[in-house]
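The values are calculated or read from the model by the stated rules, or taken from the named source; none is laboratory data. None of the values given here were measured: they were computed from a predicted structure. Ideal geometry is used to build each Cβ from the backbone, glycine not excepted, and the neighbour counts take in all protein chains shown.
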Amino acid sequence: MELINIGHPFETDALVNLENVKIISDSIKFQEDTQFSLSVENVIVLKYKMSLHDKIYGLGEQMRGINKRGGLYESFATDDPSHVPDRVSLYGAHNFFILDSETLPVGIFIDFPGKVTFDMGFTHKDELEVTIQGKDAKILWIKGQTKLEIVQKFLKCIGPSFLPPKWAFGFQQSRWSYPNAESVKYIADEFDRHNIPLDTIYLDIDYMERYKNFTVDEERFPNFKAFVKEMRSRGIRLIPIIDAGCKIEEDYFLHETGVKNGFYCVDENKEPFVGAVWPGKVHFPDFINPEARTWFGDQYNVLIDQGIEGFWNDMNEPAIFYSEKGLEEAIDHAVSCKGKNLDIQSFFALKDKFMSVSNSMKDYQSFYHRKDGQMYNHMDLHNLYGYNMTRAAGEAFERNYPAKRMLLFSRASYVGMHRYGGIWTGDNHAWWEHLLLNVRMMPSLNMVGFIYSGADVGGFGAHADSELITRWTQFAIFTPLFRNHACMGTRDQEPFRFDEESTDTLRNTIQLRYALHRYLYSEFMKHRNNYDMLFKPLSFVYDDEASAQVEDQLLYGDGLMLAPVYTPNAKGRYVYLPEDMLMWQLKKYDDYQMEIFEKGHHYISVPLEATTTFIGKNKLVVLNKPTNRIENIDTSRLFLKGFIEDQGVYVLYDDDGISREPKSKNMVITVSYEGKELIINCEGDQLCQTLAYDIYTSDQKRHKGEYHV
Ligand code: MIG
C-alpha cells in the first residue's frame, strides 16, 4: 500500500492506520505502479486507459450496478430524493474503487473533502478519468492478488466499524411521522396484536418542539421520560431524529450557547451563517471544529437522560432549503418579471430560479468553517459535514457512556464515519428499481466500512403495495439495519396495513429475521472484526466470468447466497450458481424446502410467501426460535442447517451485545461426512444445549437428529 500526499491536504481522519502504508512524495511511483496518469494543475486528474474486460467496483453509496463501469459519478453529498438512474451523487462521498484489470486489480482511495468526479468510461468507453476539484489531496493505492484482499487492506486503514447494540438487529418501524405518544403506542399495540416482532419505533421531526434539536414537544409527548420508560418496559426503544440545522430562537439553549461560543459556521463577515430548513431559519454547527463537536455531542445527553439509546442524524449534507440571500434574489427576480409578457426562456428562467434556491452551490460557497485559527470555505470541506456531525455524537457517546453501545446512523457520510455510526441510504422510493438498487449497493457500502447499513424498506417516497413490501422485506432480513420507513403523505406501509395474507407473509418473514438472529449477529461481528465484507458480489469469491456478470445476487456472510426477487408478479427467476448449492426456501423458519442444485444457470420458482436463499457447499447456518423482541431470544435450543460434502465448520460468535469492548464467546461446530454417518462435534464456549440438525449431504441424503452439546 502506498500513499501520496499532493500539496497540503486537509486532514480528514479517514485513514487512521497507516502501519503497512509507504508514504511516497513523488507521483512517478504512482504512475508506474498503477498505470494511471496523474496531472496536477488547478485540479488533479487521474486517467487510465481501460481494456475491454476491465471492471470497476466500489464508490459506496451510488447509483447503477455492482460493476460501475460506463457510468458518471460525483462525490458531493446531496439531499435529493429523486434517485433516478442518471443521478450522479447521493448522500455519501465514498471515493474508493477497485479497478479490476486484466493484469492485477488495484484499489484507489481519493482522500479529498471537496467534490470529486468519476468518469468510469462514460464520456469515452475505455477511459477512466477521476477529477479532484482541488490541488491538495491524498491518494492511497492498494495492490493485492484479489479484490477481497484489497478491500480488507483498505478496511484496516480506515479502522473497524462502530458497534451497534444487539437490539439494533431487530425489526425497526418508522414513519414521517408518528406525531404523538398515542400514535407511537398504537403502532406498538398493532405489532403486538398481530404478533409481529419489533424492537424500535422511530421519532421523526415532529416529536420536537418546533423542530428544535434536543427538545420534545410537551403537548404531543407529555412526560416523555415516563413514556420512553413505558415503551422500554414493553421491550421497545424509541429512536429520535436529530437534524443538522439548529433553530434561531431567543432563549433556546442550543442557539444561545452556540452563538456565544462561536460554534456555528460563519459567513464572510464572521457572522453566524443563516440558512433555512424545517425549523425555519437556522445556524449550522461547525462540526469541523473539535470544540463545537464536543459541545454538540454533549447535547444528546438531554435525550439520553430521558432513556433514549439511539439516534439518526438527518439533513447533514447539509441540506439547505434556502438562504436569505438566495431567496431574496429569487423574489427580486420574480418581482421584476411581474406584469411582463414573458417569453418562454424567461418563464423557465423564473421557474428555475426558485427550483435552484435549495442546496445551491452559491450558498455552499458562502459560509466557512474554523479550525485551529484558520477559515475554510465550506465548498472545500463539504463532504466532511455529515461525517463530523455523526462523529460529534459518536465521540460524545464514547466519552459520556464508555460502557455502553448506542445505535447511531447518519444520512450524509464520508469514508471513516463508520467508526462512529452506520448509514441508511436516504430517500429512496417504493419502486422495484430501488429494491434492486438496495441489493447492489450493499457490497459497495461494505467496501468503505459501512457494514451497519440498510435502505428504507418498502421505499420512502411513493405509495408501496403489499407485493413490493413483501419482496423487499424478504431481502432486508439480511441487512443489518432493517427498518421500514415512509414519507409523509404516503400510504401506511407497516407490515399489518395490507390484507391478511400479506400480514401473514410479513410476520413469517420478520420472524425469520429473528430466527436468524444468532447467525446474523455472529456473521456481522466476525466480518466486522476481520475487516471483511458481509455482502459480496459473486466475483469477489468466484473468479469465473459468469460470476462477474451477476448483478442481482449476493453472497452473504460465510455460507449463504441471496437471490432476491425484485420484479412484480414473479413466479420464478433465473439464478446462477457458481458451484453446487442447496436451495433453502423458507415460508417460515420451520417450514421450508431444500433441494440441491448443480453449478450453472437455473430457473427456480419463487412463491411470494417464501424467502429464497442458497447454502454453499460445506457451509452451515444456525437458527434459534424467534420471539417478538431480540432481548427475549432463548438460545438453549438451536437449529443447524447445512450442505455438506465432506466437512463444514461454523464458528458461532456471541457476546453480551451491549459492551463496547465485549468479551467474545465462540462455539465451533464441525460437521463431517464420509459417505455413511454424519458426525457432529461442538467445541469452545457452550452457546446452546441442543442442536437440532437438518443437513443435506451432496449425495442427496438428508440427515435429521439432535446433538447435545
Ligand atoms: O426533508 O425528517 O431522509 O428519512 O423522514 C425531509 C423528515 C427530511 C429526510 C429523511 C427522511 C425523513 C425526513 N427528512
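May I ask you to verify whether Leu691 is at negative phi, in a strand (DSSP E or B), in contact (Cβ under 8 Å) with a residue 40 or more places away in the chain and touching a Phe, Trp or Tyr at 6+ places or on another chain (Cβ under 6 Å)? Here the answer is yes, as Leu691 does meet what is asked. When you scan the range 192-205, do you find a residue that is at pLDDT 95 or above, in contact with an Asp or Glu (Cβ under 8 Å, 6 or more places away or on another chain) and surrounded by fewer than 19 Cβ atoms within 10 Å (Cβ to Cβ), even just one? Taking every residue of the range 192-205 in turn, none turns out to be at pLDDT 95 or above, in contact with an Asp or Glu (Cβ under 8 Å, 6 or more places away or on another chain) and surrounded by fewer than 19 Cβ atoms within 10 Å (Cβ to Cβ). For the range 444-471, the tally of residues that are more than 16 Å from the ligand (Cβ to nearest atom), of a type outside the set (Lys, Arg) and farther than 21 Å from Tyr387 by Cα stands at 6.
Just checking, which of Ser466, Ser453 is surrounded by 22 or more Cβ atoms within 10 Å (Cβ to Cβ) and among the hydroxyl-bearing types (Ser, Thr, Tyr)? Step through it out loud before you land on a result.
Details: Ser466 fails: surrounded by 22 or more Cβ atoms within 10 Å (Cβ to Cβ).
The conditions single out Ser453.
Only a single item in (1) over 21 Å from the mean Cα position of the chain (by Cα); (2) over 28 Å from Glu661 (Cβ atoms) is not met by Glu149, and it is number (2). For the range 264-275, the condition holds for at least one residue, the condition being that it is without any contact (Cβ under 8 Å) to a residue 40 or more places away in the chain and surrounded by 15 or more Cβ atoms within 10 Å (Cβ to Cβ). Can you find a residue that is within 16 Å of the ligand (Cβ to nearest atom), at positive phi and surrounded by 23 or more Cβ atoms within 10 Å (Cβ to Cβ) anywhere in the range 424-443? No - not one qualifying residue is present in the range 424-443. All of (1) crowded, with 17+ Cβ neighbours inside 10 Å; (2) outside any strand (DSSP E or B); (3) without any contact (Cβ under 8 Å) to a residue 60 or more places away in the chain hold for Cys682 with one exception: (2).
Scanning the range 272-302 for residues that are within 16 Å of the ligand (Cβ to nearest atom) and aliphatic (A, V, I, L, M) yields Ala276, Val277, Val282.
Within the range 248-271, track down each residue that is over 14 Å from Tyr376 (Cα atoms) and not in a loop (DSSP other than H, G, I, E, B). Phe253, Leu254, His255, Glu256, Thr257, Gly258, Val259, Lys260, listed by residue number.
Any residue in the range 98-105 that is outside the structural domain of Phe540 (by TED's automatic domain parsing), over 30 Å from Asp499 (Cα atoms) and within 16 Å of the ligand (Cβ to nearest atom)? No, the range 98-105 contains no residue that is outside the structural domain of Phe540 (by TED's automatic domain parsing), over 30 Å from Asp499 (Cα atoms) and within 16 Å of the ligand (Cβ to nearest atom).
Just checking, which of Tyr186, Tyr202, Tyr207, Tyr211 is away from the ligand (no atom under 16 Å from the Cβ) and of a type in the set (Ser, Thr, Tyr)? Before the answer, list the steps.
Working: Tyr202 fails: away from the ligand (no atom under 16 Å from the Cβ); Tyr207 fails: away from the ligand (no atom under 16 Å from the Cβ); Tyr211 fails: away from the ligand (no atom under 16 Å from the Cβ).
Tyr186 is the lone residue from the list that is away from the ligand (no atom under 16 Å from the Cβ) and of a type in the set (Ser, Thr, Tyr).
Pick from the range 625-663 the residues that are under 26 Å from the mean Cα position of the chain (by Cα) and more than 19 Å from Arg405 (Cβ to Cβ): which of them is surrounded by the most Cβ atoms within 10 Å (Cβ to Cβ)? Taking the candidates together, the pick is Leu652. When we screen Gly373, Gly416, Gly449, Gly422 for residues that are over 24 Å from Thr567 (Cβ atoms) and modelled with pLDDT under 95, the only hit is Gly373. Restrict the check to the range 217-231 and report whether at least one residue is within 16 Å of the ligand (Cβ to nearest atom) and surrounded by fewer than 19 Cβ atoms within 10 Å (Cβ to Cβ). Yes, the range 217-231 contains a residue that is within 16 Å of the ligand (Cβ to nearest atom) and surrounded by fewer than 19 Cβ atoms within 10 Å (Cβ to Cβ).
Residue-by-condition table, conditions (1) in contact with a His (Cβ under 6 Å, 6 or more places away or on another chain); (2) farther than 20 Å from Arg440 by Cα; (3) crowded, with 18+ Cβ neighbours inside 10 Å:
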| residue | (1), (2), (3) |
| --- | --- |
| Glu494 | no, yes, yes |
| Thr509 | no, yes, yes |
| His527 | no, no, yes |
| Leu534 | yes, no, yes |
| Asp543 | no, no, no |
